[in-house]
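Enquirer: Structure below; questions to follow.
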Amino acid sequence: MPKSEPSSFFLSFVGEYVQVITTVQFAGSSSNKRGDTIVPLVLEGYIIDVDSDYTYMSGDGVDIKQAIKNNVIVCVQIVDKEDEDSELLDSLPSNVKKRDMN
């Protein structure tokens, strides 16, 4: 049996850190007078693999921890994931010198 070519989705997103927006929705109470707020389930992580039924995701890029049914996926986008150290350094005031952090 001949092997099929990888899909554009597979080539574009496998190994990338992504945000996945789904059709699964949650209702939450809101402080506004319009009633409940409806929000979609949004997942973030690395896409590890894809088959005809599921997209497999990982928080660390190694171990599969989630499987999302393909028929509930609305949008997938690659997001920049900065490591925690970079985020911490960026949050420091700009007048702090490196020698002052020790």
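Only the coordinates and a few stated rules stand behind these numbers; no lab work does. Owing to the predicted nature of the structure, the values given are computational and were not obtained by experimental measurement. As a convention, Cβ positions derive from the backbone with ideal geometry for all residues, glycine included, and neighbour counts pool all protein chains shown.
Enquirer: Taking H placed 1.01 Å from N in the peptide plane, check which residues at least 5 places from residue 16 or on another chain put their amide H under 5 Å from its amide H.
Expert: Hits under the 5 Å cutoff: 47.
Enquirer: How much net charge surrounds residue 78 when only other residues with a Cβ under 13 Å from its Cβ are counted (Lys, Arg +1; Asp, Glu -1)?
Expert: It works out to a net charge of -2.
Enquirer: Let me ask something else. With the Cα gyration tensor of the stretch 36-85 giving a ≥ b ≥ c as the square roots of its eigenvalues, does the rule (a/c under 1.5 for rounded; else a/b larger than b/c for prolate; else oblate) give rounded, prolate or oblate?
Expert: oblate
Enquirer: Oh, and also: Quick one: net charge of residue 14's neighbours, Cβ under 12 Å, K/R +1, D/E -1?
Expert: Within the 12 Å Cβ shell, the charges total -3.
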